[in-house]
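A.B. asks: Just dropping this structure here.
The values are calculated or read from the model by the stated rules, or taken from the named source; none is laboratory data. All of these numbers come straight from a predicted model, not from anything done at the bench. Every residue, glycine among them, receives a Cβ derived from its backbone with ideal geometry; neighbour counts consider all protein chains shown. Just so you know, the surface numbers come from the protein's heavy atoms only, side chains and all, with ligands and any DNA or RNA stripped out. Shrake-Rupley method; radii C 1.70, N 1.55, O 1.52, S 1.80 Å.
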Amino acid sequence: MFNKFISFTFFAFLASLAFFADAAFAASSTVGTSGASFLKLGAGARPAAMGGAFTAVADDVNALAWNPAGLGGMKRGELMASYALWFSDLRYSYAAYVHPLDQQALGVQVAMLGMGSFAGYTVDGSGNPVESDSFSASDFSAALSYGLTIFKDKQQDFMIGATAKFISSTIADVGATAFGGDFGVLWRLQKGNVMLGAAVRHLGTSMKFSSTTVNLPMVVAFGLGVKGSKEITFSGDVEIPSDQSMRVGGGVEWVIENTIAVRGGYALRTDGSEYTGALMGWTAGIGFRQDSFRLDYSFVPYGTLGNTHRVSLGMNFGSDGNTSSSQDRPEMNDRVEKTVKRKDGEKSVVAVLNFEAQRGVSPTHVEMARTYMGHEFTQMGHFSMVDRVVLDAVMKKLAFQNGECASVECAVEIGKRVRAEYVLVGNVKKIGKDFVLTGQVVDVASGKMTASGSEEYSREEFVKIAVKGVARKLAAEF
C-alpha cells in the first residue's frame, strides 16, 4: 500500500515538474535575460566537485541549496561556511545550518555575491563617453528550509522538502527584490542502493530594476544516485533552466577510511554553448574529515574565462547520523512487539556472547558493548537472557577466550550448552576515526544466521546509543 502511495507521489511530482520543464524550455530562447543569476552558483565545494550532480545525493547541509527534501534524512546538526573565488573579481560567500528533529529538519542559509567595483561613465554634450565615479554591485539571499521523511522502512525512505527565500540585487544605487521557493522529493531505495531525486529551484516573483523587469533563473532538476559501496557514490543530474539550454552532469565520490574524500565530475550544455578550454566541463575536488570537522575543496574551470576555487568548512553536532536514526520510534516498537513476542506468551531465550575487538578497539570498549546489548534486549521485555555467569563458565570450559567464538558453528554449540534459542555475536572495529558496531543473531535450532545489523559512531562514549540501534534492528528481524 505504502509502496503504491510513494510511487504515485513521486511520479505525480515528476509530472508537475514536467510542466515547469516545459515552461523552462519555452523560455530558453531568452538566454541570459534572468536576474539574480548568482542563485545558479549552488553551494558547497562537495557538490561542485561532483559536477553539480547532487539532486539525488542531498545527504548533508548542501541539500539546502540542491534539494531540500534531503533534510528529512539528516540526523545530525550541521553548520557550514563556504567561500568561492570566481573569475572577474567575483567573490561568493555562503553559510548554512541544519537543525534535525525526529525524521525532519529545519535549515537556514544565506548567500552573498560581491562583484567589486566598476568604472562609471556618463555622456557629455557631444555624446562622448566620460568617465565618472565608480560603482559596485552585489547580490544577497536568505532562505528557510524544511524537510520531512513521510515514509521509512527497511526497503526505502521517502522525503519531501521546501524552501522559502528572499532575494535582493543592487547595482549602484538601484535595487530590486524578489521572493522565491524550492521544492523537492527524494526516494532512497535500499535495494541496489539507488537514490532518485527531483527538484524545482528558484521559482518565484520577478525583479524590477527601474523600468526593467527580469525573472528568477528557475531550474528543474532530476537526479540519480547509486552507492556502489559504502565508500563510493555515483551521481547524475539533468537540469532544465529557464534561461539556458539543458545541462547534464555526473560525478563520483570515493571516501577513503572515512577520512579523505576524492571527487570528480563532468558537466556540459546540450547545445554546446560552453566556453572553450582544455579542461572545460571537468570538475575535481578533495575533502578531509577529522572528528566532527570537515574541509572540502573544489576546482571548476570555465575555459577562457578562468578557473574557480571553492572551499567549505563544516562542523557536525550530536551523535553520528546512522546512530541517531535508530532512536526509539513508535513504529519500530510496534514491529518488535509483533515480530518477536511468541504466541504462547513465553519469552525467547537469548545468549549474548563476548564481542570481538578488531582494528585497535580496546577490550573494555567491546565489553561495554556486550553489557549494553544484554541490557537492551532485557528492557524490550520479550526475551529471557542467559545468565552471564553461566555463559562465561561454559565458554571457559570449552576453552574459548574473549571474542574467539565469532563463527556460526561456535555460536550454535554454545547455544545448545546453555539451552538458548538464539545466540548473539558481534564485533567492534575502527575505520578511520569512527567505530562500527556489528551484531548478528544465530538461530540455534536451524544453525543459521537470521539477522544482522550495524551502526557507526564517532566516539567511544556513543557506544550505548549504537548498541540501542543495533538491538532494535536485530529484534525486528528474528
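A.B. asks: Counting only residues that are buried (at least 20 other Cβ atoms within 10 Å of the Cβ) and touching a Lys or Arg at 6+ places or on another chain (Cβ under 7 Å), which one in the range 142-166 is nearest to V200 (Cα to Cα)?
C.D. replies: Among residues in the range 142-166 that are buried (at least 20 other Cβ atoms within 10 Å of the Cβ) and touching a Lys or Arg at 6+ places or on another chain (Cβ under 7 Å), the one nearest to V200 (Cα to Cα) is A143.
A.B. asks: Let me ask something additional. I'd like the residue in the range 177-212 that is of a type in the set (S, T, N, Q) and part of a strand (DSSP E or B) and, out of all such residues, is surrounded by the fewest Cβ atoms within 10 Å (Cβ to Cβ). Steps first, please.
C.D. replies: So the first thing to find is which residues in the range 177-212 are of a type in the set (S, T, N, Q), and the list is 177, 190, 193, 205-206, 210-212.
Add one more test, that the residue is part of a strand (DSSP E or B), and what stays is 177, 212.
Details: T177: 14, T212: 11.
Checking each candidate, the answer is T212.
A.B. asks: Related question: Kindly provide the set of residues from the range 459-478 that are open to solvent by less than 50 Å² (accessible area, probe 1.4 Å) and in contact with a Ser or Thr (Cβ under 7 Å, 6 or more places away or on another chain), ordered by number.
C.D. replies: Selection gives F462, A466, G469, V470, R472, A476, F478.
A.B. asks: Output the number of the condition that G107 fails; it satisfies all remaining conditions of (1) part of a loop (DSSP other than H, G, I, E, B); (2) modelled with pLDDT of 95 or more; (3) not aromatic (F, W, Y).
C.D. replies: (1)
A.B. asks: Now, a different point. Which of (1) open to solvent by less than 60 Å² (accessible area, probe 1.4 Å); (2) modelled with pLDDT of 85 or more; (3) not charged (D, E, K, R) is the odd one out, the single condition L268 does not satisfy?
C.D. replies: (1) is the only condition that L268 fails.
A.B. asks: Is there a residue in the range 32-48 that is under 27 Å from M207 (Cβ atoms), at pLDDT 95 or above, β-branched (V, I, T) and out of contact with any His (no Cβ under 8 Å at 6 or more places or on another chain)?
C.D. replies: no
A.B. asks: Moving to a separate point now. Can you tell me which residue among G72, G77 is under 10 Å from the mean Cα position of the chain (by Cα) and either of a type in the set (S, T, Y) or at negative phi (or both)?
C.D. replies: Values: G77 fails: under 10 Å from the mean Cα position of the chain (by Cα).
None of the others qualify; the one that does is G72.
A.B. asks: Of everything in the range 271-309 that's open to solvent by less than 80 Å² (accessible area, probe 1.4 Å), in a loop (DSSP other than H, G, I, E, B) and among the polar types (S, T, N, Q), which residue is modelled with the highest pLDDT?
C.D. replies: S292
A.B. asks: From (1) open to solvent by 80 Å² or more (accessible area, probe 1.4 Å); (2) modelled with pLDDT of 90 or more, pick out the condition that doesn't hold for D334.
C.D. replies: (2)
A.B. asks: Is one or more of the residues making up the range 410-420 out of contact with any Lys or Arg (no Cβ under 6 Å at 6 or more places or on another chain), at pLDDT 85 or above and over 20 Å from A351 (Cβ atoms)?
C.D. replies: No: zero hits.
A.B. asks: When only residues in the range 442-458 that are open to solvent by less than 30 Å² (accessible area, probe 1.4 Å) and in contact (Cβ under 8 Å) with a residue 40 or more places away in the chain count, which is nearest to E477 (Cα to Cα)?
C.D. replies: E455
A.B. asks: I'd like the residue in the range 417-431 that is hydrophobic (A, V, I, L, M, F, W, C) and not in a loop (DSSP other than H, G, I, E, B) and, out of all such residues, is most open to solvent (accessible area, probe 1.4 Å).
C.D. replies: Looking at the filtered set, the residue picked out is I431.
A.B. asks: Quick check on my filter: what residues within the range 40-73 are more than 20 Å from R247 (Cα to Cα) and either open to solvent by 10 Å² or more (accessible area, probe 1.4 Å) or touching a Phe, Trp or Tyr at 6+ places or on another chain (Cβ under 8 Å) (or both)?
C.D. replies: D59, D60, V61, P68, L71, G73
A.B. asks: Under the condition of being touching a Gly at 6+ places or on another chain (Cβ under 9 Å), within 13 Å of D243 (Cβ to Cβ) and among the hydrophobic types (A, V, I, L, M, F, W, C), which residue from the range 213-230 is surrounded by the most Cβ atoms within 10 Å (Cβ to Cβ)?
C.D. replies: L216
A.B. asks: Among (1) open to solvent by 70 Å² or more (accessible area, probe 1.4 Å); (2) assigned to a strand (DSSP E or B), there is one condition H375 misses while meeting the rest; what is its number?
C.D. replies: Result: H375 fails condition (2) only.
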